[in-house]
Amino acid sequence: MEYLRSLEADEWLFRADVLVDKAHVVMLCEQGILSRQDAVTILNGLQEIEKGGIALIKLEEYEDLHTAIEATLIKLVGEAGGRMHTARSRNDEVATCIRLALRDELLKVLNALNELRRALLKLATAHTTTIMPGFTHLQHAQPTTLAHHLLAHFDALSRDFERLLDAYRRVNLCPLGAAAFAGTGFKVSRERVCELLGFDDVLENSMDAVSTRDFLLETLSAFAILMTDLSRLAEELILWSTPEFRFVRLSDKYTSFSSIMPQKQNPDFAELVRARCGTVLGCMMAAFAICKALPYSYNRDLQEATPHLLRAVRTTLPSISVMRGMLESAEVNVEELQRKAAWGFTVATELADVIVRKTGMPFRTAHKIVGELSKKLGGEAADAVPDASTVLKVLDVLSLEIWGEKLSGRGLSAEDVHRALDLEENVRMRDVRGGPSPSEVERGLEERRKMLENDEKKVKLREAKVKRGFEELKGAVGNILAS
Ligand code: ARG
């Protein structure tokens, strides 16, 4: 018994199973498959089980949740309880329970994700002119703004939202009525059960309905990508809060103390988000490995995939909220971001671009000349933007040597160089669509605010649909009990 069952996942499915049982019994009664009297008896028993909760059904004495509920029902109400499983198998039952429970979790995840996206937008709104170094290879590359950087994360999370919402569409389908795999000769109404449980549609082919766990693999994949995105944000917060960076200070709420070093505050929460991405990746891999090469239709192997889904849900959901709290409470060190934006000659690209625009020199030649200039000025190690007149002088020498002409003679003025070396100007000029210029980021922010509002509505709509289903179920149960 102990080897056969999957206790934790079954506990997770308890609430869903009782609802599925109720909907099934209501439908059997409405279709005349079950007498009204038996239906009343069973529904009363199910209400009692619902009230008694998981403790009442003594899960540990049975092979699985479905068996435990049915056996408890028979104990409570007698022979009528044995009619509940008419026209049904545990195969379609469990697939329905997982989909129902997962659907609820997905709605929670989508809501949490939107709250995190909102927090990112809020922080970005406050930092459209906060200049910071942008990195490639973790080396200082070009100046950008904190808002631009945060919007990059926002956009990744928006795609996560889309992926999960799309997964929801394929999760919220009803397998009931497929029975073991071959459907049933009883004149059931699959549509009615689907309606009572708030599903969007029936999962049609009865063999597919009990065999597939693709909805679970898809959700796990979307979780894995989401957690990967969170891990990258977490990693940046970890780096940014070190003395080497000093870009942010994480709130005490999201750090822990060292047991030996009295001065320390460690970013444990961010580190755990980073690590738990690994946990979710593992869950995804485990579920794939369990499902691959399984012959159709149901095999007990499928039971083994459910706990991995549950673990992934229970890891992903709080990770999203933790990231939100961490961002909302972090202090940004604007001066340090600005100061370090100048480190490593980050304006070099703009300088080469200006030379190209003003003198007609090929970009590759300008790249070479500015590269040589950078070496002379200390290059990557430079900790301040160099002075414009010095730069122009050195450029002229280099250009004469490499290109055969002085740049000042070809229309490059001290003013041009001065502008190219200005950090704010660097950012302001990059107003290409999606670029860091404050005006472009403002436009992007406005669009994303609307997008987020729309996405929040999409979740509400789905919640309302589920709620309507359950109200319908409650009404139908009430009708039968009243008769
Ligand atoms: N606990 C099982 C699961 O999660 C329920 C289905 C059992 N079906 C069967 N034919 N043994 O998959």
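The values are calculated or read from the model by the stated rules, or taken from the named source; none is laboratory data. Quick caveat: nothing in here was measured; it's all calculated off a predicted structure. FYI the Cβ positions are ideal-geometry reconstructions off the backbone, even for glycines, and counts take in every protein chain you see. Quick note on the areas: whole protein, heavy atoms, side chains included, nothing else; ligands and nucleic acids left out. Shrake-Rupley method; radii C 1.70, N 1.55, O 1.52, S 1.80 Å.
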Worksheet item: in contact with a Gly (Cβ under 9 Å, 6 or more places away or on another chain), assigned to a helix (DSSP H, G or I) and in contact (Cβ under 8 Å) with a residue 40 or more places away in the chain: does that describe ALA167?
Response: no
Worksheet item: Being part of a helix (DSSP H, G or I) and in contact with a His (Cβ under 7 Å, 6 or more places away or on another chain), is that true of even one residue in segment 258-280?
Response: no
Item to complete: Mind listing just one residue for me: the one in segment 444-461 that is acidic (Asp, Glu) and open to solvent by 70 Å² or more (accessible area, probe 1.4 Å) and, of those, nearest to the chain's Cα centre (by Cα)?
Response: GLU453
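With respect to LEU151, is the statement that it is among the aliphatic types (A, V, I, L, M), open to solvent by less than 50 Å² (accessible area, probe 1.4 Å), modelled with pLDDT of 95 or more and out of contact with any Leu (no Cβ under 8 Å at 6 or more places or on another chain) true?
So LEU151 fails the test.
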Discussion item. Just to verify a result, which residue in segment 81-100, among those that are in a helix (DSSP H, G or I) and away from the ligand (no atom under 12 Å from the Cβ), is surrounded by the fewest Cβ atoms within 10 Å (Cβ to Cβ)?
Written reply: GLY82
Worksheet item: For segment 430-439, does any single residue satisfy the condition of being among the β-branched types (Val, Ile, Thr) and open to solvent by less than 50 Å² (accessible area, probe 1.4 Å)?
Response: no
Worksheet item: With ALA119, ALA112, ALA124, ALA141 as the choices, which residue is part of a strand (DSSP E or B), away from the ligand (no atom under 16 Å from the Cβ) and either of a type in the set (A, V, I, L, M) or within 17 Å of ARG324 (Cβ to Cβ) (or both)?
Response: ALA141
Worksheet entry | Residue in segment 70-80 that is open to solvent by less than 10 Å² (accessible area, probe 1.4 Å), touching a residue at least 60 places away in the same chain (Cβ under 8 Å) and either among the hydrophobic types (A, V, I, L, M, F, W, C) or within 16 Å of the ligand (Cβ to nearest atom) (or both) present | no
Discussion item. Can you report the number of residues in segment 20-56 which are closer than 16 Å to HIS85 by Cβ and either of a type in the set (Asp, Glu) or part of a helix (DSSP H, G or I) (or both)?
Written reply: 18
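Pick out the one residue from ARG232, ARG274, ARG170 that is closer than 30 Å to ARG339 by Cβ, open to solvent by 20 Å² or more (accessible area, probe 1.4 Å) and in contact with an Asp or Glu (Cβ under 7 Å, 6 or more places away or on another chain).
None of the other options fit; the residue is ARG274.
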Item to complete: Note down all Cβ pairs under 6 Å where the first residue falls in segment 405-433 and is touching a residue at least 40 places away in the same chain (Cβ under 8 Å), the second is of a type in the set (Asp, Glu), and they're at least six residues apart or on different chains.
Response: LEU407/ASP396; ARG419/GLU425; ALA420/GLU350; ASN426/GLU350
Worksheet, complete the sentence: Within segment 1-48, the residues that are farther than 13 Å from GLU70 by Cα, within 16 Å of the ligand (Cβ to nearest atom) and open to solvent by 10 Å² or more (accessible area, probe 1.4 Å) are MET1, GLU2, TYR3, LEU4, ARG5, SER6, LEU7, GLU8, ASP10, GLU11, TRP12, ARG15
